[in-house]
Amino acid sequence: MAAGAPNGAGGQAGNPGGLRASLSGLTTRGRSFLAAGAAAAVCAYVLGQGQLLRVGLLLVVLPLICVVALHRTRQQVTAGRRLTPPRVPAGGEARVQLRLENVSRMPTGLLMLQDRVPYVLGPRPRFVLDRVEPGGRREVSYRVRSDLRGRYPLGPLQLRLTDPFGMVELTRSFSAYDTLTVVPRTQPLPPVRMTGEAGGHGDGTRRSLALAGDDDVIPRTYRRGDDLRRVHWRSTARYGELMVRREEQPQRSKATVLLDTRHLAYEGAGPDSAFEWAVSAAASTLLHVLEQGFAARLLTDTGDAVPGAGAFAGGSTAGGPESAEAAGLMMDTLAVVGHSEGSGLGRAYDALRGGAGSPGGDGLLIAFFADLDDEQGELAARMRQRSAAAIAFVLDPALWTGAPSRVEERLRGLRDAGWTALAVPPGAAFAELWRQAGNVPVGPRNPGGTA
């Protein structure tokens with residue numbers, strides 16, 4: 001298969017087989033012509049009728065010629081696919097553009113394009129093209145949409161060709177496919193100042209790197225726009241290129257978003273379930289803290305963190321292309337995150353406790369908890385001790401099913417440990433809860449125990 005357009009998908013066709021395989025593409029009309037021609041030839045031989053023999057040969061040769069012509073045409077038709085954008089939020093639309101080109105010296109007959117898509121993206125698209133001239137190109141497009149997050153393959157593309165006489169119908173499959181990633185819905189969050197929160201990028205504490213004179217200066221390569229008064233000539237002579245003093249380096253604040261995915265802690269399924277609300281809220285939170293200049297990571301109850309602990313500890317995910325890359329990585333993870341089979345939050349607690357760090361430990365901790373029994377409630381309370389500030393959104397299943405709930409008792413235990421804790425009722429607007437979290441006074445921090 002010819003290469004597609006830039007950012008398009010191309011690939012080699014599936015094994016089309018030889019002429020013998022192409023004979024299997026004979027339609028009912030083509031097979032009837034062959035049978036009638038063979039019968040006429042036999043009758044002509046028996047009866048000694050030369051004219052009838054010519055008719056029989058014509059009836060036999062015509063579908064065979066169509067097979068050969070269509071077989072060659074199938075080898076000379078290329079196709080490509082372009083998906084824009086490859087990542088959309090749930091409920092958003094992506095456009096798929098199909099391109100077909102006839103690189104042979106013969107026109108094609110009737111063509112039918114069919115792309116294979118999962119049923120959640122809509123009906124399977126089909127397009128009929130009447131005729132493509134030699135060297136001609138045709139482009140068609142369709143849209144896909146899903147209310148369910150996930151990763152969905154598009155393809156392979158199938159091309160069905162028929163001759164003008166309707167004698168043969170051949171199918172060609174192309175091996176290339178694209179993947180559409182449907183990420184959770186997000187919503188913009190209002191900027192609020194959380195109690196105990198360190199400043200984001202540009203507002204945090206700055207550490208001087210040159211306090212003891214010229215010998216202690218840590219230089220870096222000159223960048224366009226740097227003040228020439230900061231040129232460090234000794235380092236310039238040593239390295240052979242212009243070097244400048246790096247006077248100070250911002251210490252980036254960190255934020256951890258903890259998502260409780262335990263299957264036993266949630267009830268219900270579907271786009272309006274508590275679990276989907278938590279996933280969407282976690283995605284909104286991650287994008288918000290990254291926009292505020294934090295080095296952010298996503299942590300689940302299984303102890304898995306995205307990005308890895310090394311990148312988070314170094315603060316390399318805050319700002320610029322690295323921030324965009326981290327956001328994409330975490331959104332892709334949330335697109336496919338599902339329920340875990342774990343029964344507790346122990347692994348997440350261990351991951352938080354193992355974080356090294358600056359004063360303030362893991363910085364800001366934002367957690368989305370589901371059902372918390374007494375044991376898990378105590379464990380969640382102890383997670384607060386390493387964080388400069390901690391916010392918990394509790395999605396008690398009883399609230400979502402209308403059953404009697406002990407959520408106030410759970411909130412009280414978290415607040416006593418220093419959390420800012422809020423209950424999440426069904427259909428709650430996360431932006432409003434986020435605003436409330438910034439205005440809720442923090443309870444006394446539990447001094448007992450060690451992290």
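The values are calculated or read from the model by the stated rules, or taken from the named source; none is laboratory data. All values derive from a computational prediction rather than experimental measurement. Virtual Cβ from ideal backbone geometry, glycine too; neighbours counted across all protein chains shown. Surface accessibility is based on the protein's heavy atoms, side chains included, excluding ligands, DNA and RNA. Shrake-Rupley method; radii C 1.70, N 1.55, O 1.52, S 1.80 Å.
Some notes on this structure:
- With DNA, RNA and ligands ignored, accessible area of R126 (1.4 Å probe; Å², nearest 10): 140 Å²
- Here the calculated FRET efficiency for V192 and V231, from their Cβ-Cβ distance with R0 = 41 Å, stands at 0.45, rounded to the nearest 0.05.
- Charge context of M112, other residues only, Cβ under 14 angstrom, K/R +1, D/E -1: +4
- Distance between modelled label sites at C43 and E378, nm, 7 Å Cα→Cβ extension: 9.7 nm
- Couplings 3J(HN,Hα) of region 232-243, computed from phi: 9, 5, 5, 5, 4, 5, 6, 8, x, 9, 5, 10 Hz, in residue order, whole Hz [Karplus 6.51 cos²θ - 1.76 cosθ + 1.60, θ = phi - 60°; x for Gly and Pro].
- When a 1.4 Å probe is rolled over the protein heavy atoms, the share of accessible surface on region 84-184 that falls to carbon and sulfur comes to 50 percent.
- Prolate/oblate/rounded label for region 79-145 (Cα gyration tensor, a/c 1.5): prolate
- Mean Cβ neighbour count within 10 Å, used as a protection proxy, ranking 426-435, 54-63, 175-184 highest first: 175-184, 54-63, 426-435
- Using the 1.4 Å probe convention, the accessible area of region 78-149 works out to 52 Å² per residue with neighbouring protein chains retained.
- Formal net charge of residues neighbouring R185 (Cβ-Cβ distance under 10 Å; K, R +1; D, E -1): -1
- Kirkwood-Stokes translational diffusion coefficient of region 331-442, alpha-carbon pairs, 10 °C, 1.306 mPa s, µm²/s: 106 µm²/s
- Spin-label model, R224/E139: points 7 Å from Cα along the beta carbon direction are separated by 3.3 nm.
- In order through region 414-422: 3J(HN,Hα) via Karplus (6.51 cos²θ - 1.76 cosθ + 1.60), integer Hz, x for Gly, Pro: 5, 5, 4, 8, x, 7, 8, 10, 9
- Shown in residue order for region 174-179 are the 3J(HN,Hα) couplings computed by the Karplus curve 6.51 cos²θ - 1.76 cosθ + 1.60 at θ = phi - 60°: 9, 7, 6, 8, 10, 10 Hz (x for Gly and Pro).
- Rg(Cα) / (2.2 N^0.38 Å) computed for region 80-199, rounded to two decimals: 1.51
- Cβ-based net charge around R99, under 14 Å, with every Lys or Arg adding one and every Asp or Glu removing one: +1
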